[in-house]
Amino acid sequence: MLLPVDSTEKLSFNRCIMDGDLVIVYERHDVMKPINVSEKGVLQNRFGVFKHSDWIGKPFGSKAFSSKGGFVYLLAPTPELWTLVLSHRTQILYIADISFVIMYLEIVPGCVVLESGTGSGSLTTSLARAVAPNGHVYTFDFHEQRAVSAREDFERTGLSSLVTVGVRDIQGEGFPDEFIGRADSVFLDLPQPWLAIPSAAKMLQQDGVLCSFSPCIEQVQRSCETLKSSFTDIRTFEILLHTYEVREGNLASLQDSDGVLASLKSSKKRPRSTNGQEDSRPQSVMARRIGEVRGHTGYLTFARLSCIG
Amino acid sequence: MSTKNSEENSSGNQNRRITWEGCSVLLDINDGDRVLFARLTAGSKVKIGDKNCSLQPLIGRPFGSSFQVEVGADGPVLSQIIPNAEGNNLGEKMDDQTMEECRDNRALVDNNTAQSLTGEDIDDMRRKGATGDDIVQALIANSATFEKKTAFSQEKYRIKKQKKYAPRVLLRRPLARSICEAYFKKHAEKIGYLRVDTLSLLLSMANVTAHSDVLVFDMLEGLVTGAVAERLGGMGYVCNPYCGTTPYPVSIVRMFNLSDETCKRIVHARLTELQPSNSGNSTSTDQLVDACNITEQKNENTVSPSPAVDLVNMEESSSGNMETDTNVAAFPKSGNSVKAGKSEDAHREVIESWKENGFSSLIIAAPNMDAWDIAKELVPLLSYSAPFVIYHQYLEPLATCMHNLQSKKMAINLQISEPWLREYQVLPSRTHPHMQMSSSGGYLLSGTRISSNDQAPINTNL
Ligand SMILES: C[S@@+](CC[C@H](N)C(=O)[O-])C[C@H]1O[C@@H](n2cnc3c(N)ncnc32)[C@H](O)[C@@H]1O
């Protein structure tokens, strides 16, 4: 379970893994896998064979060892981890865009949020966390199979009571009338968002916020044109996250550089427990941006429904 | 426990869309030129331009509505602007005609003779009861150059005059988003230069949600504490640990419209009370205490990086700035200590449960302290598998902290990240990034606490 949806249950990870639990098996920060624990289950990876039965009863956050003595960590799922491990049925939103969207849409517990399209449910999972425990996310996709898969995922992550997935062509038909004037926020990730904007405006409460995510500036341009008629405070952003790699090591000194190309005497990851005074200079910790990153995801356009008295 | 009841009311205050007597509001004057916080009471007043206006007319109005100063028989009053077809956005009146603009500025000579209306004329109009809008119209009519300006500069001229003679007040909800933005714009140093996108990442990376117990080391006057409380909706806890004798101030929390239910969930506890009783690490705690004690002093000694200097200049040039402290100080005491800017002591039983189960996540935001010093005390207070995130303006303290957490096998999934945020102007044929942007939103170190005493092979009796 991703969230403590039941009010009697505290969000405490200090809980032991049980049969049926969803765990995130962590090998490295970029190698993780969601697994449902079952008495007879086994996990096989490059570290060997892991029996699920060994995991049951251990607290989340423990190391699990394989028959060969290799190990992985067993983590409790969070929306951030889920975004990293979910199966990609579409392009998805990642943590930087997601976090900004939740904050800018002013979502607090108890809010009613409309979303289209559902896609792979990456954003939906974080929306659900933000409206919990007494709000609700109604998410729509016109792709039947994606909707079915998304429902299965929300079942698996324990979010079904917070999320309803509908099959509907939102660009063609708009959101269902039952939501008129009820939505605190609306989120659109659609190819032609301007077609859905008039409907979104009808659904929103006064001063409610809409967000549209589009990869291309032409889409943004058209959306902004459409927004002008009933929205104010229209703002467009682009957000990225640069990550850093950290190393500990010694840079070569000038004296040592006699005729050889100096290389970093690195001790990355491996802590040096050497007390030997081979090197009088202190180890230094250095950081640099990681080379290849996502350079563009999309533009986020926000707008607030105008207040008419 | 009346959990049911509390769930029904808990999010009520934050999500209310109509103002009420006693609520906190954010007043956005002239499209963000000036931002101030106020509590709406029958008696509260605010100075707009040169006029003192009562905030009474703002009570019971929807958030998102705009007001204009009008001079009535009994002096200036704020009256609501009902948007009409003319459009209600200061900056968004541009239409498609601007695309086929044929006028240009070549004939424009800027000297002070272009305007034939004098200061006295304007005062005279005022005495005769002209509204701000009338004056703006008159200024346009009497400008010799207005007709020659491009549509774009005409609009700029109109907005400039409107801001001066007919200032507008927009009623905004004080939520983490608007509060953080307002501070970042006018008093970024008070909140350790924490940008709104960075704040949003803190909340995600710490998995903040209803029913979570979040340990928040907040040296940003309570901004992070308030933002976390907003996401709890009255369920779960924000615990502010402190060392030394006094909890750190959380005065910004008063600006949020948190319900009483939620305010009760903001508590503080002395660090030593949260730590295992027989902990042998008292020496390191002492070091942290020392570090805490010298922060204030350090604060003054720190050489201001250039952004701080820019900010000071900006404040001097803008006529009005955020009057947070004065206005908030005038907030009536509601018998609730968080609303008075202080949180309460955590109850014994709650502390015991934290000692037994650990916190569900941790946020550290202490711009003048060493990240590792704090992390090494606080990370062990988390449950296994709990996420944590540390904000710092500088990269180096986080790099060192990451290295230490890694080599002491206290955490995995460690990552240092730096958010980058760019805003765009989107207009027909004139779309481009804003000319100014904030170049640093600070750095984040995030990770997941792990159980450090697992040895291979496994506990055989499981
Ligand atoms: C890029 S995906 C959304 C990804 C999602 N934001 C996430 O984070 O996982 C876009 C989705 O919109 C759906 N879609 C496209 N046109 C639609 C329409 N007219 N009505 C409803 N859904 C539509 C597609 O089927 C697709 O699943």
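See the values below:
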{"quantity": "Elements of type strands (runs of 3 or more DSSP E) in the stretch A:1-120, at least 2 residues being among the basic types (K, R), at pLDDT below 95 and touching a Ser or Thr at 6+ places or on another chain (Cβ under 6 Å)", "calculated": "none"}
{"quantity": "Tally, over the stretch B:398-420, of residues that are assigned to a helix (DSSP H, G or I) and at the interface with chain A (Cβ under 10 Å from one of its Cβ atoms)", "calculated": "9"}
{"quantity": "The stretch B:346-379, residues that are open to solvent by 10 Å² or more (accessible area, probe 1.4 Å), in contact with a Ser or Thr (Cβ under 9 Å, 6 or more places away or on another chain), part of a helix (DSSP H, G or I) and under 19 Å from B:D218 (Cβ atoms)", "calculated": "B:W372, B:D373, B:K376"}
{"quantity": "Pairs with Cβ under 7 Å, 6+ apart, first in the stretch B:51-66 and within 14 Å of chain A (Cβ to nearest Cβ), second open to solvent by 20 Å² or more (accessible area, probe 1.4 Å) and among the charged types (D, E, K, R)", "calculated": "B:P62/B:R17; B:F63/B:R17; B:F63/B:R172; B:G64/A:R304; B:S66/B:R168"}
{"quantity": "Sole exception among (1) touching a Gly at 6+ places or on another chain (Cβ under 7 Å); (2) free of Cβ contacts under 8 Å to residues at least 40 places away in the same chain for A:A196, by number", "calculated": "(2)"}
{"quantity": "Flag for A:E144 being free of Cβ contacts under 8 Å to residues at least 24 places away in the same chain, within 12 Å of the ligand (Cβ to nearest atom), farther than 24 Å from A:H296 by Cα and not aromatic (F, W, Y)", "calculated": "yes"}
{"quantity": "Cross-chain or 6+ apart pairs with Cβ under 6 Å, the stretch B:395-417 first and touching a residue at least 24 places away in the same chain (Cβ under 8 Å), then surrounded by 19 or more Cβ atoms within 10 Å (Cβ to Cβ) and among the basic types (K, R)", "calculated": "B:A411/B:R449"}
{"quantity": "Candidate set: the stretch A:59-95, residues that are of a type in the set (K, R) and away from the ligand (no atom under 16 Å from the Cβ); chosen: the one least open to solvent (accessible area, probe 1.4 Å)", "calculated": "A:K63"}
{"quantity": "Whichever residue in the stretch B:179-193 is open to solvent by less than 10 Å² (accessible area, probe 1.4 Å) and over 9 Å from the mean Cα position of the chain (by Cα) and, among such residues, is modelled with the highest pLDDT", "calculated": "B:G192"}
{"quantity": "Candidates A:E225, A:E245, A:E178 - the one that is away from the ligand (no atom under 16 Å from the Cβ), open to solvent by 60 Å² or more (accessible area, probe 1.4 Å) and within 9 Å of chain B (Cβ to nearest Cβ)", "calculated": "A:E225"}
{"quantity": "Enumeration of residues in the stretch B:401-439 that are open to solvent by 60 Å² or more (accessible area, probe 1.4 Å) and among the hydroxyl-bearing types (S, T, Y)", "calculated": "B:S429, B:S439"}
{"quantity": "Single condition A:V131 does not satisfy, out of (1) over 19 Å from the mean Cα position of the chain (by Cα); (2) more than 9 Å from the ligand (Cβ to nearest atom); (3) open to solvent by less than 10 Å² (accessible area, probe 1.4 Å)", "calculated": "(1)"}
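Table: residues versus (1) modelled with pLDDT of 90 or more; (2) more than 18 Å from the chain's Cα centre (by Cα); (3) more than 21 Å from B:K186 (Cβ to Cβ).
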position	(1), (2), (3)
B:R17	yes, yes, yes
B:C23	yes, no, yes
B:L26	yes, no, no
B:I29	yes, no, no
B:R34	no, no, no
B:A42	no, yes, yes
B:G60	yes, yes, yes
B:S66	yes, yes, no
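The values are calculated or read from the model by the stated rules, or taken from the named source; none is laboratory data. Fair warning: this is a prediction, and the values are worked out from it, not measured in the lab. Note: ideal-geometry Cβ built from the backbone for every residue, glycine included; neighbour counts use all protein chains shown. Protein only, heavy atoms only, side chains kept; ligands, DNA and RNA dropped before computing areas. Shrake-Rupley method; radii C 1.70, N 1.55, O 1.52, S 1.80 Å.
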